Every structure is written in structure tokens, then in C-alpha cells.
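The values are calculated or read from the model by the stated rules, or taken from the named source; none is laboratory data. Since this is a predicted model, take the numbers as computed values, not measurements. Heads up, the Cβs are rebuilt from the backbone with ideal geometry, glycines too, and the neighbour counts pull from every protein chain shown.
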Number of protein chains: 2
Amino acid sequence: MTILTLAGGVGGAKLALGLDRALTAGEQTVVVNTGDDFEHLGLHIAPDIDTVVYTLAGLANREQGWGRQGESWAFMAALGALGGEAWFNLGDGDLAMHVTRTERLRGGEALSSITADIAARLGIASRILPMSDQPVRTVIETPEGDLAFQHWFVRDRCGPTVRAVRFAGIEAAAPLPAFLDALRASGLKALVIAPSNPFVSIAPILGLAGIDTAIRVLRRPRLAVSPIVGGAAIKGPAAKMLAELGHDVSALGVARCYAGLVDTFVVDGADAGLKPEIEALGMRCAVLDTVMRNDADKERLARAILALAENGA
Amino acid sequence: MTILTLAGGVGGAKLALGLDRALTAGEQTVVVNTGDDFEHLGLHIAPDIDTVVYTLAGLANREQGWGRQGESWAFMAALGALGGEAWFNLGDGDLAMHVTRTERLRGGEALSSITADIAARLGIASRILPMSDQPVRTVIETPEGDLAFQHWFVRDRCGPTVRAVRFAGIEAAAPLPAFLDALRASGLKALVIAPSNPFVSIAPILGLAGIDTAIRVLRRPRLAVSPIVGGAAIKGPAAKMLAELGHDVSALGVARCYAGLVDTFVVDGADAGLKPEIEALGMRCAVLDTVMRNDADKERLARAILALAENGA
């Protein structure tokens, strides 16, 4: 029996870690957004995959929300002195990931194969799949023009107003075959959409050919966890995007994005009052403690979600 | 008036630093071997250029003889855990050089342009020129087969016997135009062959089309400093190569390599006894303290060499 988790970066990685701890080895497959990937300094950077990999390997910097714990920064200091582009921080240890992945990609190996090998070397029990082996690149449309996601997110600190989000290359990108297999597997127990940004973490995954439809017709418990708690995002620009794209800045606003896709929408106790409106969308609303401050929180939330799935969500 | 120095790695960088200190800004042009360059982990590594750049910028690790002082090694530790090729040590700060240079080369910029920009950013007063903008790759022919230079030198620790040395690509590589200009400049005061390995540091420079001939007919003082002192190399495999390639393992053996190319051959006091045999080759033999233990030694040797040049070598 497997749990299929759809995830972006930090929030997704937290729940994926909880599920990893709550399940036995190999029971969780995490499909990770690659729309945030970009080429920087000639290196292929895959921020969401790295966050999930580092988190599940116990190597993540938990305070920072990205990169590795105990990281050093000699590379960035030297890069600045040489006149290199220094707006995107790459830690010294983290660079090993980008350099070795870039070298292997240039040698013709698929991102999924590299990711699987690295996860195995780091002793990760869950299966981590990039959503696709073909490039999909999230573009933020703003009044100042189109911006590649990391330029908007990191370089411009989410400043420019978001008019729309699009995913360059998504028509040509195929969902990873192993992702499709996991969706169709007879052993699939439940689908879990992690508390990730619906517009830039989950939408690219759902936008791959056939995925949205496959999930709509899936006869398994389908659950999503709200990344918005009490009207604010736990991390990242989800609240700003909800507002600027004309949605309610609330768990309800997120629930509306998933209408028809999930059977159960999980909100935090702070949002219990939204339950009637969420259930009016045609989904159950489960109220749990969704804020994951430590590993015990993550595992507790994961077990509660598994219990919902067990009971048919 | 300019001094044109031909250099490889450590020994060449030491004398280049001495000349840099003894001359005024811009008076020294250092032409550096690129035969040791190689692609590793998808990065373009130029060990001799880096040693000269780091040395002249005051950033070199003097004990180690390569890389940067105060270097950290988080990248290598992480690379090993990810299964990357870890036989060639790349320090965290050093990586900035390789990453930014590789990115700029891929973008179409010439190695000479990148090197000049980086030298300027690091405040280096001498001009540093790669011998060519086209790739030349030193190959060590051994009983175990042909080995790329860094594989023989670093990975195999100079173990396999050297049967011959060749320079792949040298016919197609043009000497850097600025190198030719410096050789022909009316302001050229002297040519100095640094105490570098004659077979793998100086031979590739001399092997570029027209260079050997241009030096043979050059009507300026031409000096070379022996990298062999008392029958041993100060650093690196020069002595082993002399022996295995059938030469005398001595300053005399090196002097024979430069017969017809230099007017004056500089040996250390330890080798004063070789003077008659060296002068029998048709060159003067100057005896100086050539072992450079510290910056004062480097500048003293440089000033002594400049004095020889001043007196017509």
C-alpha cells in the first residue's frame, strides 16, 4: 500500500517527512514540483527536490527553510570577489548537489534517475520523483514583465505584483511514467496534496498532461492540507498570490482551487470556522493541528491524515 | 619596458610574484601553461592559471602549493556522500573560480578575457595571459596507456612511468595574440623562463606555432631558472620526468632542454659545480640563491634576474 504525496518545497517537505516517519520504507512516493528549477551560474538548480531530499535525509536547515544545516559560505564570498552573480545563495555543501546533478544531466542521465540515486545514497526511505523529466519553468507575469520564478521569488523578494502564473514547456513535458504508474497502482491507498503553494508548487504538477483528470476520477481517498492558516501562509508567497490573483486569502480560497480534486480538505484548528463554506464546495473538511513546528508535529499530522485515509477520508 | 615570463604552476608563480613585487604595475606579462587544464565534474579547471592568479593576488595556500589559503572543504565532503568523483580536491572558495569561469566560457567568452577580468578584480598588477585561448591538453604516455595530465599527476600521484609527453590539440591552438605581441614588442626588456617543469609546463608554451622560433631569434636577454636544485625538484614531478625521459636529473639536464633558447641559465648555489658543463652548451650560467622560501626570497631572486637582464644577461 502506498501514499502518493504531491509536494513543493518547505511545507511539502515537512509533511513528506511526517509521512516518511509514519510509514514503512517505500510506502510513500513523493512527486515534487520542478517548475521552480532553473539554470544559474551554469548549474541546474532544483530547489523543491533539494528541499524534499535534504529534509527526508535529515540534512535540511530547518530555520532557513532551504539548503543544508551547518552550511558554510566560502563559495559565495569568493564568487562576489570574482564578480559572479550573487543574488542566489548557494552553500558550499549544497553546491555538491548542483554540480554533480548538472554534470550527470549533461551526460544524458534523467533527472528522475539522478534523484533516485542521490536519495538512495542519502538513505531516504520514501521514493522521490520529479514530476517530469522534461523542463517546465514557472513564469510570473507582473506589471514589470515576465519573470522567471526564482528571479521573482529570490532576486526580487516576491515584490512585483502577480498578474498570472504560467508554466513554460508544460505542454511538451510528460508526467514522469513512475508518477502515472503510482496514480494507477492497485496498491495506492491515498493521494495527499501537501500544504504547498497551490499556484506555483501544486498547479505545475496538476498541469501536466492527464494528471488533473486522473486525479478527478481517482477512486481512492484524496486529501489536501491547507498551506494557509488563519489567513496567512506558514512560509512563502502563497497569501500574496491568493490576494493578487483575486482569491480569498484563507484556507477557503485554497479549498476552492481544489474543488473536484479532493474528497477531504484539512484545515488547522484556527480555521475551523470555515468548515461549512468548505464543505459547501463538495468536500469534507477535517480540522487538525496542521502547523508543523518540529518532527513530532510532522509525524502526528501525518498519522492523523493516514487515519482519515483509512476511514475513506 | 616589460618582462615576459613563461610559467607553469607553483615555481612559476613564485618567481612571477617576485617580479610582480620588483617591477611597477603592468611591467610584467606572465604567459601561463594551459596544458594542465581539464574538465572535471563539468567544470573547466585551469590549475596553472589559478596558481598564478591566487599567488599574485595574495590568496594562495603556500604550504599546499595549490588552491586558496584558509580554504574549507564542505563541497568535497558533500560530494563524496552523493557519490561524485572525489579524487581531485576542490575547495569551497576555489569553486567560485571554476564555476564562474565555466559559465563564462560556455557563454562564449575567451579564457584570456575571463582571466584578465578576474586578475583585475583581484587587484593583480601583472598581466596574466593563458598561452592560448584554444584547448591544449597534456597527455602522459605510460606503459599503462595514455593518461590525461591531471589523472596521472593527481589521481595516480605521478605513479606510472613516463614514456613520452604529448600535447593534444597543439597544432590547432594559436598562441594568444597578446603573447605574440609581447614577444615582438619594442619595449620588451627580457624573456624569463620561470623555474617550472620543462616537460609539462614550459614545453606546451614553446610548442605553440611559431613560439620556439620566435624565442630562438629574439634579440633580447633570455633567461631561464632551473627548477632542479641539487638533483631534486623543488616541487612536483620534474626530477622523475627527467629520469624517465632519459635526461640527467640535474640543472644540467634542464639546461640542455633550453640550449639555443636562452642566453643565461640560472642555477642555485648548490649547482655551481655544473657551470662549466652548462656554459659548454653555449649559454652563460649564473649562480644565484634560487630557492624561494618566502616573499623576500622571491623578490630578491627577481631583482637578481632583472640585474642580469640589465647587464645583457
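Some observations on this one:
- Complete set of residues in segment A:70-96 that are buried (at least 23 other Cβ atoms within 10 Å of the Cβ) and more than 7 Å from chain B (Cβ to nearest Cβ): A:90, A:91, A:94
- Residue list for segment B:15-54, restricted to those being among the β-branched types (Val, Ile, Thr) and away from chain A (no Cβ under 14 Å): B:24, B:29, B:30, B:31, B:32, B:34, B:51, B:52
- Single residue of segment A:55-69 satisfying the filter (of a type outside the set (S, T, N, Q) and free of Cβ contacts under 8 Å to residues at least 40 places away in the same chain) that is nearest to the other protein chains (Cβ to nearest Cβ): A:68
- If you filter segment A:212-233 down to residues that are more than 23 Å from residue A:303 (Cα to Cα) and without any contact (Cβ under 8 Å) to a residue 40 or more places away in the chain, you find that the one that is surrounded by the most Cβ atoms within 10 Å (Cβ to Cβ) is A:214.
- The listed residue being among the aromatic types (Phe, Trp, Tyr), within 19 Å of the chain's Cα centre (by Cα) and within 13 Å of residue A:36 (Cα to Cα), out of A:153, A:179: A:153
- Boolean, residue A:266 is within 20 Å of residue A:22 (Cβ to Cβ), more than 21 Å from the chain's Cα centre (by Cα) and modelled with pLDDT of 95 or more: no
- The residues of segment A:120-149 that are small (Gly, Ala, Ser) and free of Cβ contacts under 8 Å to residues at least 60 places away in the same chain, listed by number, are A:120, A:145.
- Any hit, segment A:256-264, residues being surrounded by fewer than 18 Cβ atoms within 10 Å (Cβ to Cβ) and on the phi > 0 side of the Ramachandran plot: yes
- Residues of segment B:198-207 satisfying the condition of being touching a Phe, Trp or Tyr at 6+ places or on another chain (Cβ under 8 Å), of a type in the set (Gly, Ala, Ser) and assigned to a helix (DSSP H, G or I): B:203
- The condition (being on the phi < 0 side of the Ramachandran plot and touching a residue at least 40 places away in the same chain (Cβ under 8 Å)) is satisfied by just one residue among B:305, B:278: B:305.
- Only one of the listed residues (B:313, B:302) is buried (at least 19 other Cβ atoms within 10 Å of the Cβ), in contact with a Lys or Arg (Cβ under 9 Å, 6 or more places away or on another chain) and modelled with pLDDT under 95. That residue is B:313.
- Failed condition for residue A:236, given (1) touching a residue at least 40 places away in the same chain (Cβ under 8 Å); (2) touching a strand residue (DSSP E or B) at 6+ places or on another chain (Cβ under 6 Å); (3) closer than 30 Å to residue A:154 by Cα: (2)
- Any hit, segment A:9-31, residues being among the basic types (Lys, Arg), in contact with an Asp or Glu (Cβ under 7 Å, 6 or more places away or on another chain) and in a helix (DSSP H, G or I): yes
- Any chance residue B:293 is surrounded by fewer than 18 Cβ atoms within 10 Å (Cβ to Cβ) and closer than 29 Å to residue B:180 by Cα: no
- The listed residues are A:115, A:138, A:142, A:100, and the only one of them that is of a type in the set (Ser, Thr, Tyr) and within 9 Å of chain B (Cβ to nearest Cβ) turns out to be A:100.
- Taken over segment B:159-168, the criterion of being in a loop (DSSP other than H, G, I, E, B) and either surrounded by fewer than 17 Cβ atoms within 10 Å (Cβ to Cβ) or in contact (Cβ under 8 Å) with a residue 60 or more places away in the chain (or both) is satisfied by B:159, B:161, B:162, B:163.
- The set of residues in segment B:121-138 that are within 19 Å of the chain's Cα centre (by Cα) and surrounded by fewer than 20 Cβ atoms within 10 Å (Cβ to Cβ) comprises B:125, B:134, B:135.
- Top-ranked residue of segment B:32-45 - restricted to ones that are buried (at least 24 other Cβ atoms within 10 Å of the Cβ) and touching an Asp or Glu at 6+ places or on another chain (Cβ under 6 Å), ranked as farthest from residue B:205 (Cα to Cα): B:36
- Note on segment A:208-313: enclosed strands (runs of 3 or more DSSP E) holding 2 or more residues that are more than 30 Å from residue A:139 (Cα to Cα) and not acidic (Asp, Glu) are A:284-288.
- Here residue A:256 qualifies as free of Cβ contacts under 8 Å to residues at least 40 places away in the same chain and farther than 28 Å from residue A:21 by Cβ.
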